[in-house]
Amino acid sequence: MVESMKAKTTRTRRTRHDAREAILDAAEEIFLAHGLDAVVVQRVAAEVGITDAGVHYHFGSRLGLVEALMARSARKLRRRIGAAIDDEGPLDLQAVSRSMREVYDTEGAARMVAWMQMTGWAPRRTGMLSPLVERAGGTDEARRLIALLNAIHIATALMGDPLLRTVNLPSDANGRQAFLDWATDFIAAKLAT
């Protein structure tokens with residue numbers, strides 16, 4: 001009798017939720033290290049130790065996986081902003097700004113949003129920042145100012161250095177943070193009027 005030369009692998013049974021989270025964790029790691037173009041089903045599956053079919057089972061396609069990754073980032077942003085606006089006191093827009101920077105810049109969501117927009121993707125849901133708008137007064141002016149804050153964070157995360165260098169502002173990490181603090185204070189002052 002000939003023994004198999006293959007080493008036996010131990011399969012770990014995961015719940016549906018745990019499997020989805022493991023796949024999303026791997027996709028997020030790959031995205032942060034190598035960009036969204038590197039997030040392909042085969043690479044993610046290999047990272048998790050499952051077959052390509054396993055990724056397809058949970059997400060349908062690469063686009064489904066990337067959309068789920070986007071949705072996960074949106075949930076993180078909503079949770080963090082929600083925590084920042086839950087206080088009864090005055091709105092702390094700097095706390096909101098820190099949450100936006102963490103998700104858009106540190107965790108790479110701005111790159112994901114830009115990539116998805118350039119490929120023609122449109123979000124299925126709207127109003128992700130509506131609770132913040134309501135906390136800021138719920139007016140059309142508040143909507144515009146919160147949209148501006150959001151746009152500033154996305155733009156700074158995507159092209160902070162060249163953006164700031166075009167106007168001779170410091171473009172290192174401290175310079176980017178100083179710009180975001182200034183922009184947030186400017187928007188907060190406009191909201192207060």
- Which of the residues belonging to the stretch 55-81 are free of Cβ contacts under 8 Å to residues at least 24 places away in the same chain and among the small types (G, A, S)? G60, S61, G64, A71
- Query: What single numbered condition from (1) of a type in the set (G, A, S); (2) surrounded by 18 or more Cβ atoms within 10 Å (Cβ to Cβ); (3) more than 30 Å from P131 (Cα to Cα); (4) at pLDDT below 90 fails to hold for G35?
  - Reply: (2)
- Note on the structure: Those residues of the stretch 75-103 which are open to solvent by 20 Å² or more (accessible area, probe 1.4 Å), of a type outside the set (D, E) and under 15 Å from the mean Cα position of the chain (by Cα) amount to R75, K76, R78, R79, R80, R98, R101
- Within the stretch 171-192, can one find any residue that is open to solvent by 50 Å² or more (accessible area, probe 1.4 Å) and part of a loop (DSSP other than H, G, I, E, B)? yes
- Message: Looking only at the stretch 104-125, filter to residues that are aliphatic (A, V, I, L, M) and in contact (Cβ under 8 Å) with a residue 12 or more places away in the chain; which one of those is surrounded by the fewest Cβ atoms within 10 Å (Cβ to Cβ)?
- Response: A114
- Which one is surrounded by the most Cβ atoms within 10 Å (Cβ to Cβ), of the residues in the stretch 130-166 that are in contact (Cβ under 8 Å) with a residue 24 or more places away in the chain and part of a loop (DSSP other than H, G, I, E, B)? A136
- Message: When you scan the stretch 119-129, do you find a residue that is of a type in the set (S, T, Y), at negative phi and modelled with pLDDT under 95, even just one?
- Response: yes
- Task: Determine whether the stretch 50-63 contains at least one residue that is open to solvent by less than 60 Å² (accessible area, probe 1.4 Å) and touching a Phe, Trp or Tyr at 6+ places or on another chain (Cβ under 8 Å).
- Result: no
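The values are calculated or read from the model by the stated rules, or taken from the named source; none is laboratory data. Since the structure is predicted, the reported quantities are computational estimates derived from the model, not experimental observations. Positions of Cβ are generated from backbone atoms using ideal geometry, with glycine treated the same way; all protein chains shown enter the neighbour counts. The accessibility values were calculated without ligands, DNA or RNA, using every heavy atom of the protein model including side chains. Shrake-Rupley method; radii C 1.70, N 1.55, O 1.52, S 1.80 Å.
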